[in-house]
Each structure stands twice: as C-alpha cells, then as structure tokens.
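Reading through the structure tokens given below for one structure.
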Amino acid sequence: MNELDASLDSIFNGKIKLYQPKEGYRFSEDSILLADFSLGIKGLSIDLGTGCGVIPIIIAMRSKGIEKIYGVEIQERLSYLAKENVKINKLEGRIEIITQDIRKLKENFAPQVFDLVISNPPYMQVDRGIISSASEKAFARHEILLRIQDILNISRYLLKSKGVLKLVYPTMRLVDLFVLMRMRKIEPKRIRLVYYRQDTPSNIALIEGVKFGKSSLEILPPLILFNSDGSPTTEYRRIFGLDMMGDEI
C-alpha cells in the first residue's frame with residue numbers, strides 16, 4: 001500500500017480500519033454524520049462519490065436492513081483504496097465498489113432499482129473558495145467534475161418511487177438545493193442542522209428527500225457536536241462510537 005502513499009487509520013475504537021491517502025482527499029466528520037443519518041433504511045443502497053468507501057462500510061457494519069450497498073468513485077486511486085477497505089473489513093459480500101463517472105451510471109443500472117441513495121457531494125462552486133492544488137481534494141470539494149444537479153439527476157433515475165435520498169450539504173445553500181430537488185420530484189422531507197457548539201451558527205445540514213414524496217418538511221432537533229468546554233456531546237460520542245466496547249458496532 002506504500003506505493004499509493006496511504007495510511008491505515010481506524011474509527012469506532014478500532015472496529016473499522018480504513019486506508020486513505022496521506023496527502024489528497026481524506027474523509028471528514030461529514031461522512032460519518034451522513035452515514036449515521038442514513039441508517040435504518042432497508043433494501044438496496046448506493047453511495048455516490050464514495051471516496052475510500054467509509055460510508056458504505058459504516059452502513060454495512062451498523063445496518064442489517066441493507067441488503068447490498070454500492071460505492072461509486074471516479075478517481076482510480078480512491079476507488080482502489082475503497083476496494084481494499086472492503087476486503088480488510090471483510091464486507092465483500094455486502095459492498096461492491098464501482099469505478100465510474102456518476103453521470104454515466106445508466107450504463108451500470110436499470111432505472112428505479114434503489115431504495116436509498118447517499119451522497120456527500122462537492123460543496124463549493126468553482127468560482128468560490130480556494131481550489132486545492134491536490135486534484136483529489138479539488139474534485140471532492142469543488143463542483144469541477146460533478147455538480148449537485150448531476151447528483152440529483154442520477155438520483156431521480158436510480159431511486160424507486162418513494163425511495164430515499166440522503167445528503168449532507170452547506171446550510172447556506174439549502175434554498176438552492178431544495179429548489180433543485182423539487183424540480184426533479186425529490187421532495188425534501190427531513191432536515192437536521194449540525195452545530196459545532198450550541199452558540200455557533202450551523203455550517204452543514206443533513207437532508208432527507210423522498211422521490212415523489214408529499215409536500216411536508218420536518219425539522220429535526222439540532223445536532224450539537226461539542227459542549228461549551230470543548231468536550232464531545234453524548235450524541236457525538238454515540239455517532240462516532242467513542243464509547244463502544246467489545247464486539248458492539
């Protein structure tokens with residue numbers, strides 16, 4: 001693995017091990033928050049822009065209701081690492097990694113086959129923010145290869161009627177996101193704002209949409225990550241498995 005300049009890291013008190021680039025795109029807390037938000041859906045699932053495969057691996061480990069989950073990644077090094085991560089976590093029977101442009105997934109799947117689509121999409125518009133010199137980071141964070149419209153277009157194609165879309169997205173862009181979702185008949189149904197501390201503004205939100213869902217939006221209780229003294233909240237400890245013991249996961 002050294003030839004790929006990757007490190008072997010662990011999460012959930014060592015229950016999950018993951019290779020990821022030492023330099024380049026490394027998964028963030030957003031991915032773990034989204035994986036937790038996506039638990040509880042039964043059936044067939046797909047993660048669009050899976051990176052090193054962290055979201056499918058967490059879901060496969062923690063959700064028995066998911067029959068199989070696909071992870072799609074266009075960048076070859078990240079896709080290779082995702083495949084290795086599936087192996088080292090012994091999840092070959094439940095996860096399949098596909099190296100593919102998300103916009104071309106109609107070549108891989110028939111329409112309306114998935115119960116759950118998940119994505120931690122690029123957040124930043126190309127005309128805003130400082131674009132990283134490392135291409136993996138740039139592609140993962142900026143809408144260079146992929147726009148949110150592309151994610152929503154292929155999600156509409158892949159999802160069954162009443163299928164669920166789960167996203168993490170910047171709070172400041174939620175109005176635009178909801179408009180784009182509704183244009184594609186994916187109705188925003190639930191939203192949970194994430195706060196670093198109780199006295200800070202929300203920068204990201206967890207969003208659930210339903211294909212052909214009825215118009216109604218539920219605002220869930222806020223997710224606060226840290227207490228005023230900087231210690232993790234009880235909810236943070238649960239989501240990140242800080243108190244797990246033995247075989248629990």
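Any read-out appearing in this document is the output of simple, stated calculations on the displayed coordinates, not a laboratory observation. Values in this document were obtained by computation on a predicted structure and should not be read as measured data. Here the Cβ is made from the backbone with ideal geometry for all residues, glycine too, and neighbour counts use every protein chain on show.
Brief remarks on what is shown
- FRET E, pair Glu67, Met244, Förster distance 22 Å, beta-carbon r, rounded to 0.05: 0.35
- Within the range 2-239, percent of DSSP bridges classed antiparallel, to nearest 5: 50
- Rough spin-label spacing in nm, given labels placed 7 Å along Cα→Cβ, for Lys214 and Glu107: 4.1
- Ranked Glu73, Glu84, criterion: other C-beta atoms within 10 Å, fewest first: Glu84, Glu73
- Efficiency of FRET between Lys185 and Glu29 - r from beta-carbon atoms, R0 30 angstrom, step 0.05: 0.45
- Mean-position separation - Cα centroids, the range 73-104 and the range 174-239, in angstrom: 27
- When trypsin sites (Lys or Arg not before Pro) are flagged only if DSSP places them in a loop and at most 12 other Cβ atoms lie within 10 Å, the longest unflagged stretch of the chain comes out as 129-213.
- 222 nm mean residue ellipticity, helices alone, for the chain (DSSP H n ≥ 4; -39,500 (n - 2.57); rounded to 500): -7500 deg cm²/dmol
- Linear extension gain, Lys42 paired with Leu8, 0.36 nm per residue minus alpha-carbon span: 9.2 nm
- Gain upon complete extension [Ser228, Ile88; 0.36 nm per residue less C-alpha separation]: 46.6 nm
- Value of Rg to Rh for the chain, rounded to two decimals, is 0.94; Kirkwood radius and Rg both from alpha-carbon coordinates.
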